[in-house]
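Report on one structure; see the data block that follows.
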Amino acid sequence: MTSYTPQEKADATVWEAMKEGFASGGIVAIPSTLAVYAAMTFSPKFVKSTNWQSRTAMVIMPPLFAFAAAAENKLVHRMHEMAAESSHSREMAEWSTQTQQKMLSDHKQQLKKMSTQKILAQPGMTDRGALSIQANEEKEREIAEKFRESVVNSGVRVVSGDLGAHHRLANFWQENPFKILIAVGVPTVFYIFKGREGQQHLQLQMKLMHTRVFGQFAVISMLLSLMGFKEYMDRSGKFVTEADVQARVAQMQQSRSELLYRLHRDRIDAERLAEKRRKALEEDMKLGAVKKTNASKASIIDTA
């Protein structure tokens with residue numbers, strides 16, 4: 001998984017939405033162009049009742065609508081994913097920080113209750129550096145396990161090895177149901193229209209009416225099937241590999257490290273500010289003491 005800066009992530013999201021819109025617009029442009037071409041070829045009434053402006057609008061407007069709808073849908077979907085990932089990483093980082101602070105607080109409370117002899121008698125006290133390193137490694141492993149557990153339980157299904165073709169198809173189906181609907185529905189409607197050509201007793205208007213009725217039934221049936229499988233995937237979770245899980249854990253650890261660094265930096269800044277205030281207070285107190293001493297000497301001289 002590639003690591004992006006916030007600006008690069010926003011640019012990548014916009015570009016994905018643009019590609020989604022261009023793909024959907026290109027797919028819709030094919031049947032809209034063919035429909036206008038067929039109407040101009042087989043229907044003199046259509047040619048008589050329309051002009052080039054209206055025909056151009058009939059060709060352009062469906063792809064523009066498909067572009068806007070697909071791009072907006074993809075953008076909203078990616079924004080929700082990014083918000084969920086950011087919220088999950090922040091919650092896990094806060095949880096690990098709170099756990100670390102709680103462990104440190106419990107350890108301090110335990111040390112307060114123990115005498116010096118008991119503390120020195122604890123195993124490993126002669127090698128505090130090695131003990132600290134070992135404790136940190138164990139803590140990091142525990143946090144990494146918690147991160148992995150949270151990723152696995154976040155609505156995904158881990159697949160051993162690489163994703164198969166059916167896994168990729170299921171993930172694509174879940175993320176792009178309307179793209180599949182367009183890719184399957186448009187050829188189906190065109191096939192239904194071509195099937196009416198053998199019926200010479202039907203006029204073009206009746207052929208279009210039959211195509212609309214049968215095509216609408218076919219597209220609605222496909223839509224119900226597609227959304228049913230999408231609902232199943234939403235409930236069960238998308239397929240991911242172990243490498244994807246490890247990459248997600250690494251991203252969460254990076255977010256945790258950044259949060260700890262910011263907390264450490266804020267604490268250092270607060271300590272520096274407190275130190276400056278303390279020094280300023282000491283200087284003010286010394287200056288006040290000097291002024292008080294000088295005033296006492298002056299009063300003694302005046303009295304003499």
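The values are calculated or read from the model by the stated rules, or taken from the named source; none is laboratory data. Everything quoted here is computed from the prediction, not taken from an experiment. Positions of Cβ are backbone-derived with ideal geometry, glycine not excepted, and every protein chain shown enters the neighbour counts. The protein model used for the area step is the full one, side chains on, heavy atoms only, and it has no ligands, DNA or RNA in it. Shrake-Rupley method; radii C 1.70, N 1.55, O 1.52, S 1.80 Å.
Full extension of the segment from Ala144 to His80, taken as 0.36 nm per residue of separation minus the current Cα-Cα distance, would add 20.6 nm. Estimated at 0.36 nm per residue, the fully extended path between Val156 and Leu202 surpasses their Cα-Cα distance by 11.3 nm. Amide H contacts under 5 Å for Lys238: Arg157, restricted to partners 5 or more places along the chain or on a different chain, H placed in the peptide plane at 1.01 Å from N.
Split the accessible area of region 142-226 by element, probe 1.4 Å, and carbon with sulfur accounts for 64%. Using the Karplus relation 6.51 cos²θ - 1.76 cosθ + 1.60 with θ = phi - 60°, the per-residue 3J(HN,Hα) values for region 75-80 come to 5, 5, 4, 5, 5, 5 Hz, with x marking Gly and Pro.
When each of the peptides 198-208, 9-19 is scored by the mean number of other C-beta atoms lying within 10 Å of its residues, the order from highest to lowest reads 9-19, 198-208.
What FRET efficiency comes out for Ile220 versus Ala250 if R0 is 51 angstrom and r is the Cβ-Cβ distance? Round to the nearest 0.05. It comes out at approximately 0.70.
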